[in-house]
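The values are calculated or read from the model by the stated rules, or taken from the named source; none is laboratory data. Keep in mind it's a predicted model, so treat the numbers as computed, not measured. Backbone-built Cβ (ideal geometry, glycine too); neighbour counts: all protein chains shown.
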Amino acid sequence: MDKKICIITGANSGIGKAAASQIVLEGYHVILACRNQERGEKALQEILAETGSNSVDLMIVDMSLQSSIQAFSTAFLTKYETLNVLIHNAAAFDVTNKKPIFTSEGVESIWATNHLGPVLLTNLLMEGIKRSDQGRIITISSKGLIVYPFLRVDLEDPEFRQRKFSVSKAYYQSKLAQVMYTYWLANELRDTPNTVNCIRVANVKIDINSRYPNTSKISKFMYSIKSRSSISPEEMAETYTYLATSEDMKETSGKYFDDPAHIVSSSKYSMSKENIDAVMELTMNYFQKTQVDNNGETGGEMGL
């Protein structure tokens, strides 16, 4: 294929869908990596109609399951030789959850979807990324981390098996881990033309009735107040598109973006090499099966 190829996880709605349309219009072939076939098909048809382009494909992946990520990666690399852009947009954050939910593989779903999934998917697709002239990996964090300036990744209990569960703390812990992963991976890729950067997503308008139908009336009312200062998915997607496609971004790596024009700092804790290494050691311990490392060789553990 002559066109550059971009994968966007969680692209059936919101920012991911908006970014897919924008990146298609930049001349890329976009893979919508979605968990739900029906919602993915609906998004695919809407993007095809909106853009007038047929450079969109749908592939199914559940980012909470290592087995699904492995199957997706194999299917992608069988069909496509090269991957130019990988955007880790999919995330789990159901505000109605009052206790941890564990996947069929036995991992807490927010930690699995928002942090472990992106790390595994990146590793398994690195073969395709390295075949591109200049591969780009984009991770997604949240501006809400500002509210948790002293948050740390709990190295002993990241899945809330022993401590009291909070859906907000579980979500922001996973997003903090993604920031730290970005810094770690940028260092790993420093001698290659490939880059990795993180986006600090702001408050973005969502359809709360369809996204969280079981939310209480008071919560929906509070959200309606909050949404008045929120930006649209299309506005936020412009940062995705800029980092994914702009020639100005070819040599930028290991940065944390608030929008296309502003690089921001994360917490002191998240920038410490000692802390980053500890979080990545914890992360790698989840991947016990044989994986493909960055050199395309097979090893006993996942190596990045």
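Screening residue 74 on (1) surrounded by fewer than 16 Cβ atoms within 10 Å (Cβ to Cβ); (2) closer than 17 Å to residue 234 by Cβ shows it passes everything except condition (2). Restricting attention to region 92-113, and to residues there that are surrounded by fewer than 19 Cβ atoms within 10 Å (Cβ to Cβ) and among the aliphatic types (A, V, I, L, M), which single residue is modelled with the highest pLDDT? My answer is 101.
Right, residue 19: assigned to a loop (DSSP other than H, G, I, E, B), surrounded by 16 or more Cβ atoms within 10 Å (Cβ to Cβ) and out of contact with any Pro (no Cβ under 8 Å at 6 or more places or on another chain) or not? So residue 19 does not fit the description; no.
Would you confirm whether or not region 65-84 contains a residue that is polar (S, T, N, Q), in contact (Cβ under 8 Å) with a residue 60 or more places away in the chain, out of contact with any Leu (no Cβ under 8 Å at 6 or more places or on another chain) and closer than 21 Å to residue 4 by Cβ? Checking region 65-84: at least one residue is polar (S, T, N, Q), in contact (Cβ under 8 Å) with a residue 60 or more places away in the chain, out of contact with any Leu (no Cβ under 8 Å at 6 or more places or on another chain) and closer than 21 Å to residue 4 by Cβ. Set side by side, the residues 116, 120, 145, 48 differ, and just one is surrounded by 16 or more Cβ atoms within 10 Å (Cβ to Cβ) and under 26 Å from residue 4 (Cβ atoms), which is 120.
Whenever a residue of region 259-281 is free of Cβ contacts under 8 Å to residues at least 40 places away in the same chain and within 16 Å of residue 138 (Cα to Cα), its partners that are surrounded by 15 or more Cβ atoms within 10 Å (Cβ to Cβ) and basic (Lys, Arg), lying with C-beta atoms within less than 8 angstrom and at least six residues away or across chains, give the pairs 263/255. Counting only helices (runs of 4 or more DSSP H) that sit completely within region 115-213, those holding 3 or more residues that are in contact with a strand residue (DSSP E or B) (Cβ under 8 Å, 6 or more places away or on another chain) and either closer than 22 Å to residue 8 by Cβ or at pLDDT 95 or above (or both) correspond to 117-131, 167-188. Looking at 14, 27, just one residue is surrounded by 15 or more Cβ atoms within 10 Å (Cβ to Cβ) and not aliphatic (A, V, I, L, M), and that residue is 14.
Cβ-Cβ distances below 6 Å connect no pair with a first residue in region 1-13 that is under 9 Å from residue 32 (Cβ atoms), a second residue that is modelled with pLDDT under 95 and part of a strand (DSSP E or B), and a separation of six or more residues or different chains.
Within the set of pairs 6 or more residues apart or between chains, which connect a residue that is more than 11 Å from residue 256 (Cα to Cα) inside region 175-204 to a residue that is buried (at least 22 other Cβ atoms within 10 Å of the Cβ) and of a type in the set (D, E, K, R) with Cβ atoms less than 7 Å apart? Note: pairs meeting the criteria are 195/136.
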